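Engineer: One structure is given below, represented as structure tokens, and several questions about it will come after.
Coordinate-derived values only; no laboratory data. Remember, predicted model here, so these are calculated numbers, not experimental data. With ideal geometry, Cβ positions are generated from the backbone for all residues, glycine too; neighbour counts draw on all protein chains shown.
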Amino acid sequence: MQWGSVPRKDMILTKGEPRKIAYANRLRLFAACCGTHLFFEDSKESDTIDVTIASLDNPAPFAPQKTIFLEDKLPWVVINESIPSFQTVPKKKPNE
């Protein structure tokens with residue numbers, strides 16, 4: 001599944017209220033009407049919210065910039081070797 005990170009302060013829901021489910025010390029948010037996975041939060045206080053790109057009205061402009069969690073990759077998943085890849089989440093630089 002392809003994800004994009006958005007600063008929490010920039011996130012605006014235009015309709016509805018997602019269903020929230022705590023799992024593995026994180027918060028997953030789903031569309032209450034159909035169950036589509038929409039968001040992922042490390043915590044309610046985290047600076048960013050991860051968004052499922054496929055749930056956007058127009059996902060085409062959001063091409064992958066990196067691949068993360070290769071340690072969990074299924075054998076049949078093909079990785080784009082032209083972008084950076086990481087076994088887990090890359091460490092942030094001090095100014096990020």
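Engineer: State which stretch of the chain is the longest one without any exposed chymotrypsin sites (Phe, Trp or Tyr not before Pro), exposure meaning a DSSP loop state and at most 13 other Cβ atoms within 10 Å.
Structural biologist: That would be 1-68.
Engineer: Can I ask one more? Take ILE21 and GLN2, extend 7 Å from each Cα along the Cα→Cβ direction, and tell me the distance between the two endpoints in nm.
Structural biologist: About 2.4 nm, to one decimal.
Engineer: Out of the trypsin sites (Lys or Arg not before Pro) in region 1-62, which ones are loop residues according to DSSP with at most 16 other C-beta atoms within 10 Å?
Structural biologist: LYS15, LYS44
Engineer: Report the local net charge at PHE39: Lys and Arg +1, Asp and Glu -1, summed over other residues whose C-beta lies under 10 Å from its C-beta.
Structural biologist: Result for the neighbourhood of PHE39: 0.
Engineer: If you don't mind, another one. So what's the gap between the Cα centers of region 1-23 and region 33-90, to the nearest angstrom?
Structural biologist: A separation of 13 Å, based on Cα centres.
Engineer: In region 45-96, what trypsin sites (Lys or Arg not before Pro) fall in a loop by DSSP, with at most 10 other Cβ atoms inside 10 Å?
Structural biologist: LYS91, LYS92
Engineer: Mind listing the long-range amide H neighbours of ILE49? Cut-off is under 5 Å, sequence gap 5 or more, other chains count too, H placed in the peptide plane at 1.01 Å from N.
Structural biologist: Placed amide hydrogens put VAL6, ARG8 under 5 Å from ILE49.
Engineer: Still on this structure, I have one more. Express in % the proportion of alpha carbon pairs of the chain at distances exceeding 15 Å.
Structural biologist: Tail of the P(r) past 15 Å holds 69 percent of the pairs.
Engineer: Once amide H atoms are built 1.01 Å from N in the peptide plane, which residues 5 or more positions from THR67, or in another chain, come under 5 Å H to H?
Structural biologist: It is SER85, PHE86, by chain and number.
Engineer: Moving to a separate point now. Within 12 Å, Cβ to Cβ, of GLN2, how many net charges do the neighbouring residues add up to if Lys/Arg are +1 and Asp/Glu are -1?
Structural biologist: 0
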